[in-house]
Amino acid sequence: MSRTGNHPQVEGAADLATRLAAAEKALSARDKTIRVLMQRVQARQANKRSALALLGQNADLQEVVARKTLELEERTVQLAGSLSLLNATLESTADGILVADGRGGAISFNEKFLEMWHIPREVSDRKSEQEMLEIARAQLEQPEQFMAGVKSLYSGLEKESFDVLEFQDGKIFERYSKPQRIGKEIVGRVWSFRDVTERKEAEHQLEASLKELRGKTAFLEALVNSSLEGILVVNDQGKTAVQNQQFNRLMKIPREIAEDVDDARRLQYVTDSTKNPEKFHEKVLHGRISPSLSLPASAGWYSTESGKRSL
């Protein structure tokens, strides 16, 4: 009769299998944990690399920004210098200058412009071209014509103009206008004003003097030509200054020679008509004539050097 009981080998194998299974399970769990940890590490490393790359990009961007900022600062200094030079040039000119945008705004102007047109400081501070135009038109002899010219120029941006403005107090300005361009684009209009009052007064005085001189010259010519004596006036270069009609008749000078602009030809004809041509020519060169020289009766000789008459 057999008896059942525990089999030591079977129990040992089962226990080993149980422990092995537990160990495999634990190992599997550990492997999973390790894989998770590895994934986290890799993710962190990737994030770190991205951060480093971003920091590198930021560094590059900062370098570009710094370089551009320096370039802008240098350009700003250059522009400030150019602007200062332009302002100095604008203020040094004798003309009054106004730069307008064509929309009622006065972009720039010099002190000469404000002085010439008597623009108050409070108006210039507002930089209103319309206000300045109203002040200007009130001073002019023909204000409506002035405003019509302004409107005409603003209606045709390409136009240039030049005209003269007369003031109620007698002043006279020359006005010149042309478009203001930046590249090929018209962005406004430049107005230039020059006070020509003194020049115009001098021109009027000169014209009056010339008119008076022409009157006196005409009187003297009439007086000389009405003389019964032949008169010839030669300057110190041997050029004929005055030769009256009676002289031409006495010397029997042909009309074509008398009216010839060539002094040498006319003088040669007179010289050949004398008894001593060589001496006559020599005396003419010295601006005087000898009383012993034979000329037709009543023919007079006047030297501009001595102011005396010889027969």
> Based on the mean of other beta carbon atoms within 10 Å per residue, what is the order of 100-112, 173-185, most packed first?
Replying inline: 100-112, 173-185
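Please list 217-223, 119-125 highest first by mean number of surrounding beta-carbon atoms within 10 Å per residue. Before the final figure, lay out the partial values.
Values: 217-223: 10.3, 119-125: 12.7.
Put in order of decreasing packing, that is 119-125, 217-223.
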> Using unit Cβ charges (K, R positive; D, E negative) and no other charged atoms, how large, in debye to the nearest 20, is the dipole of the range 94-195 about its Cα centre?
Replying inline: 420
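Pairs of Cα atoms under 8 Å, at least six residues apart: use those to get the relative contact order of the range 94-195, whole percent. Don't skip to the end; give the middle numbers.
Numbers: 166 pairs, mean separation 30.1, N = 102.
Relative CO of the range 94-195 lands at 29 percent.
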> Using the count of nearby Cβ atoms within 10 Å as a rough guide to exposure, how do Arg249, Arg67 rank from fewest to most?
Replying inline: Arg67, Arg249
> Taking R0 as 25 Å, what's the FRET efficiency between Tyr154 and Glu203 from their Cβ-Cβ distance, rounded to 0.05?
Replying inline: 0.20
>> Which one, Pro143, Ser177, Phe167, is farthest towards the positive end of the dipole of the range 130-203 when Lys and Arg carry +1 and Asp and Glu -1 on their Cβ?
In response: Ser177
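Bear in mind these aren't lab numbers, they're just calculated from the coordinates by the rules spelled out. Quantities reported herein were computed from a predicted structural model and do not represent experimental measurements. Positions of Cβ are generated from backbone atoms using ideal geometry, with glycine treated the same way; all protein chains shown enter the neighbour counts.
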